[in-house]
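Take a look at the structure below.
Nothing in this text is a laboratory measurement; each read-out follows from the coordinates by a stated rule. Predicted model only: the values in this text are computed from it and were never measured. Neighbour counts run over all protein chains shown; Cβ positions are idealised from the backbone, glycine included.
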Amino acid sequence: MPDALEVRGLEKRYGSTVALAGVDLKVGEGELVGLLGPNGAGKSTLVKIACGLVRASHGAATVQDAPAGSREARRRIGYLAELFRFPGWYSADELLQLHQRLSGSSGGAAERDELLELVELTDARSRRVEQMSKGMQQRLGLAQALIGAPPLLLLDEPTSALDPVGRRTVRTLLEELRSRGTSVLLNSHLLSEVELVCDRVAILLHGRLVAEGSPAELARARGIEIETEEGTQVFEGASREDAPRLVAELVAAGRRVYGVQVLTSTLEDTYLEAVGGETS
């Protein structure tokens, strides 16, 4: 199977402003990739190019080998923008009906029922959008992005308006979609959310990819902390594989060892190192 999304040498200029400066990135089948970076890093531009809303200045983006923006590519994506607006007078069910017609979905009432259940809005199917909280509207936005069961979801800050319970609901939904083989590119400022749910993370800065890998790969070892009767000692630069040797050496020297902890950097540490003093 081709990658759900592939961008190669992607560049975008707005006059003298460089939004993307040659980005290479892939999202595999059933993979959930988190896109991180401060404001102005190029995250939303990349997502909009993948959707076909913006044209690249150079390079290419494909959705399952179909050129981004083509009819074939648009049929294969679901998209939730960061700043979206739905007609306030529509009910949840009416809104999904509208998007079914726009996308050409033949799922009917059964599809709408399934999507409203997925985002936990079954009891609000007749409620008008203007009567919903921001969190409910956000979840309704996720439901409309899933109409037609697209193989690729492009989500721009999908948990920005949600409380912790709502964010957990979205995490559970994303994990369910991944188990079904749906691919997701998740643009988010919430590092903790990305670390919990994403298979791989890409960090953009000034339009360039500055770090990429799984959360575990990006969380580098910072040393070993060992507690003895003389207190706690940190062996900087040591890795997990060094722990047995260090403990054996201390015991051989007559020390009593009460605890051992492998110290690793968090995704937040890696992010801050990658972007320096840039703010989100």
All aspartates and glutamates inside 15 Å of K48 as judged from Cα atoms, apart from same-chain residues fewer than 8 positions distant: E6, E11, E82, D156, E157
Other-chain or far-sequence residues with amide H under 5 Å of A19's (modelled H): K12, R13, Y14
With a Förster distance of 41 angstrom and the Cβ-Cβ distance between R127 and E268, calculated FRET efficiency to the nearest 0.05 equals 0.65
Need one number: nm distance between label points at E229 and A248, each 7 Å from Cα along Cα→Cβ, rounded to one decimal. 2.3
State whether the range 203-280 is rounded, prolate or oblate according to the following rule on the C-alpha gyration tensor (a ≥ b ≥ c being the square roots of its eigenvalues): a/c under 1.5 gives rounded; otherwise a/b larger than b/c gives prolate, and the remaining case gives oblate. prolate
Run the dipole for the range 23-75 about the Cα centre, Lys and Arg Cβ at +1, Asp and Glu Cβ at -1, nothing else charged, and hand back the magnitude in debye, nearest 20. 300
Of L36, H58, Y271, whose Cα points farthest to the positive end of the dipole of the chain (charges on the beta-carbon: +1 Lys, Arg; -1 Asp, Glu; origin at the Cα centre)? H58
With unit charges on the beta carbons (Lys and Arg positive, Asp and Glu negative) and the dipole taken about the Cα centre of the chain, which residue among L80, A252, A216 sits farthest to the positive side? L80
Using C-alpha positions alone, give me the convex hull volume of the range 221-264 per residue in cubic angstrom. 54
V170 neighbourhood, Cβ < 9 Å, K/R = +1, D/E = -1, net charge +3
Relative contact order (%) - criterion: Cα under 8 Å, at least six apart; region: the chain: 22
Taking the Cα centre of the chain as the origin, how large is its charge dipole in debye, to the nearest 20, when only Lys and Arg (+1) and Asp and Glu (-1) carry charge on their Cβ atoms? 1160
Among residues other than S214 whose Cβ falls under 13 Å from its Cβ, what is the net charge (Lys/Arg +1, Asp/Glu -1)? -3
Pairs of Cα atoms under 8 Å, at least six residues apart: use those to get the relative contact order of the range 101-185, whole percent. 32
If you average the alpha carbon positions of the range 34-54 and of the range 1-23, how far apart do those two centres end up, in angstrom? 9
